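Student: This is the structure I have questions about; it appears just below.
The values are calculated or read from the model by the stated rules, or taken from the named source; none is laboratory data. Small disclaimer: the values here were computed from a predicted structure and weren't measured. Here the Cβ positions follow ideal geometry from the backbone for every residue, glycine too, while neighbour counts run over all protein chains shown.
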Amino acid sequence: MEIGSILIGVLVVIGLVVIIALRSFHSIGPSEVGLVTKRIGRKIDGDQLIACNGEAGYQADLLMPGLRFKFWPVFKVKRYDWVQVPPDHIGLVIAQVGAPLPTGAKSAAYRAEFGNFSDVRTFLTQGGQRGVQRPVLPPGTTAPIHPIGFVVLTSAATFGEVISDSTDAAIAQVDPRVLTVVHITPEGDRDVVGVVTTLEGPPSGDIASRIGGFADVTAMEQSPDAGTPARVIQAVLRAKNDLHDNYQNYQAFLDSGGCIGLQHDPLLYGSYLLNPFLVRVELREMLVVRQGEVAVIKSYVGL
């Protein structure tokens, strides 16, 4: 009887070991990540969703592809797809973790350390903010982005798990059909430009906002030496799109003094990765001055 009890006990222990081992090993596919949730531990400080220091809850570090071990029942693992942005499309990133946006801000400030948002720990420790991120993911991006820390919208799919009402509200403002690369090309025999309206920044006070304003134009008009009509016109028409890579670097646009509203500098022929949450482009026909004609320019800025 005693031997039988011992044998049963051994079998029970072996069975438990097998069950724990089977539930502790996880096969993560080549285009998947494993989200780890810790069931036991101290609570996360504040209102953050992700644990960076071993607290209970969603863990910052993801499991990469391969056979991985996480001790069950302390840890639970759920698989998610890598973010994949189709060709000729963009990915709009919405952070569900980080510091709250400053009052009046529409999107989150970006720092170079954030990269393509595949390191949520760096995002949190370097001051990342919740909400829509200013850069977009370019076509062809494939990245292991934290599915709780970020939600990524493409025209084909939504990556990540929406767990925030503010994320739901942001998604509702974006038409997936606009999550594409903006192409500005001739329309048949018509030459066109892209007239830009920005949707975040301080107010300008001008009909069309220009980085740095029009103080240089005013100064030229006041100077009898520098203010020849040809030079004034060249100054008015000169674009400053190189300061922000044609509105593709919206953080640089704001840092350079960009304002909300209609912009002075249009987009010429090319393809652009623009954040549709922050930039709107309308195609307008170019003015063509044919041989034997003149164009009279009426300026609404300057003296």
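Conditions (1) within 26 Å of ARG111 (Cβ to Cβ); (2) assigned by TED's automatic domain parsing to the domain that holds SER107; (3) not acidic (Asp, Glu), marked per residue:
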| site | (1), (2), (3) |
| --- | --- |
| ASP189 | no, no, no |
| SER204 | yes, no, yes |
| ALA215 | no, no, yes |
| TYR250 | yes, no, yes |
| GLY292 | no, no, yes |
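Student: Same structure, new question: I'd like to verify a number: residues in the range 211-244 that are in contact (Cβ under 8 Å) with a residue 60 or more places away in the chain and within 30 Å of PRO102 (Cα to Cα), how many?
Tutor: Number satisfying all stated conditions: 1.
Student: Let me ask something else about it. Is at least one residue of the range 166-184 exposed (fewer than 14 other Cβ atoms within 10 Å of the Cβ), in contact (Cβ under 8 Å) with a residue 60 or more places away in the chain and in contact with a Phe, Trp or Tyr (Cβ under 6 Å, 6 or more places away or on another chain)?
Tutor: No.
Student: Which numbered condition trips up ILE163, out of (1) touching a residue at least 40 places away in the same chain (Cβ under 8 Å); (2) over 24 Å from HIS89 (Cβ atoms); (3) buried (at least 16 other Cβ atoms within 10 Å of the Cβ)?
Tutor: (3)
Student: For GLY41, work out the one condition from (1) in a strand (DSSP E or B); (2) more than 28 Å from the chain's Cα centre (by Cα) it doesn't fulfil.
Tutor: For GLY41, the exception is condition (1).
Student: Take the residues in the range 44-82 that are within 13 Å of VAL120 (Cα to Cα) and small (Gly, Ala, Ser), then tell me which one is nearest to the chain's Cα centre (by Cα).
Tutor: ALA60
Student: The conditions are (1) under 27 Å from ALA143 (Cβ atoms); (2) modelled with pLDDT of 90 or more, and ARG42 fails exactly one of them. Which is it?
Tutor: It is condition (1) that ARG42 fails.
Student: Which of (1) within 14 Å of the chain's Cα centre (by Cα); (2) without any contact (Cβ under 8 Å) to a residue 60 or more places away in the chain; (3) surrounded by fewer than 19 Cβ atoms within 10 Å (Cβ to Cβ) does THR141 not meet, given it meets every other one?
Tutor: Among (1) within 14 Å of the chain's Cα centre (by Cα); (2) without any contact (Cβ under 8 Å) to a residue 60 or more places away in the chain; (3) surrounded by fewer than 19 Cβ atoms within 10 Å (Cβ to Cβ), THR141 violates only (3).
Student: Please work out which one of (1) in a loop (DSSP other than H, G, I, E, B); (2) touching a helix residue (DSSP H, G or I) at 6+ places or on another chain (Cβ under 8 Å) is the condition ASP206 fails and give its number.
Tutor: It fails just one condition, (2).
Student: For residues in the range 219-259 being surrounded by 15 or more Cβ atoms within 10 Å (Cβ to Cβ) and among the β-branched types (Val, Ile, Thr), which is nearest to the chain's Cα centre (by Cα)?
Tutor: VAL236
Student: Modelled with pLDDT of 95 or more and loosely packed, with under 10 Cβ neighbours inside 10 Å: does that describe LEU67?
Tutor: Judged against the criteria, LEU67 is a match.
Student: Identify, from the list LEU262, LEU274, the residue that is closer than 20 Å to SER107 by Cα and in a strand (DSSP E or B).
Tutor: Answer to the selection: LEU262.
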